[in-house]
Amino acid sequence: MRIKTLAALAFSMFTALSGIAAESMHETMHQRMHQAHMSGKGDPHTTGQHDEVNMPGLNGRDTTAQEVGDLKALFINHKALRRSVEHLPNGVRTLTETDDDALRTQLMSHVAMMLARMQSKRDPEVRIQSPTLTALFKHADAIDTTMEMTATGVAVNQTSADPEVVALLQTHAAEVSDMSARGMQSVHERMRASHHSH
């Protein structure tokens with residue numbers, strides 16, 4: 001019993017320290033980007049010098065290599081995706097498909113992992129994530145989700161009894177559709193607009 005308690009305590013301390021280190025690293029990076037932006041030098045949103053190969057912005061607080069790899073594949077191959085969104089009175093129905101077998105596997109993996117995160121309220125805090133997704137994680141308990149595999153992709157229904165959450169679901173669905181249509185360009189424009197509004 002004591003060994004289990006000590007192990008649990010050690011794990012808790014490790015998790016807390018890892019979280020503090022990640023937050024510190026994130027804050028340092030944010031400060032550097034803000035300083036570069038204010039000086040007009042080295043700001044990738046101004047100079048257009050984004051790392052489109054490694055895509056470091058896809059990393060989050062506790063993202064796994066699988067999650068980052070899936071996101072990277074979806075962004076790189078976004079033109080191979082087909083996506084439609086239907087607004088429901090209480091939410092959205094999204095359908096995302098592709099004829100590329102390998103990409104479909106990564107799409108399904110990404111959707112399943114994100115829904116599992118939402119269910120357990122584990123916000124990945126990916127660097128490029130929109131404020132809408134962050135807000136949805138805070139209201140995860142108010143969202144009902146069903147997922148259905150199709151012949152070439154995945155259909156997801158997300159509904160809520162809370163009108164504010166319904167609006168967030170519909171906004172986020174539009175953001176994801178824009179990313180699937182335009183890839184990283186969509187993210188860069190959203191982040192640039194966000195930086196200039198502060």
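The values are calculated or read from the model by the stated rules, or taken from the named source; none is laboratory data. Keep in mind it's a predicted model, so treat the numbers as computed, not measured. Here the Cβ positions follow ideal geometry from the backbone for every residue, glycine too, while neighbour counts run over all protein chains shown.
Here's the yes/no breakdown for (1) small (Gly, Ala, Ser); (2) assigned to a strand (DSSP E or B); (3) modelled with pLDDT under 90:
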residue	(1), (2), (3)
Val156	no, yes, no
Ala161	yes, no, no
Glu164	no, no, no
Leu168	no, no, no
His172	no, no, no
Ser180	yes, no, no
Val187	no, no, yes
Met191	no, no, yes
His195	no, no, yes
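The residues in the range 66-77 that are over 14 Å from the mean Cα position of the chain (by Cα) and part of a helix (DSSP H, G or I) can be counted, and the count is 1. Quick one: Asp141 ticks every box in (1) part of a helix (DSSP H, G or I); (2) surrounded by fewer than 18 Cβ atoms within 10 Å (Cβ to Cβ); (3) under 15 Å from the mean Cα position of the chain (by Cα) except a single one, so which number is it? It fails just one condition, (3).
Of Thr105, Thr96, all but one fail to be assigned by TED's automatic domain parsing to the domain that holds Ser180, under 18 Å from the mean Cα position of the chain (by Cα), of a type in the set (Val, Ile, Thr) and outside any helix (DSSP H, G or I); the exception is Thr96.
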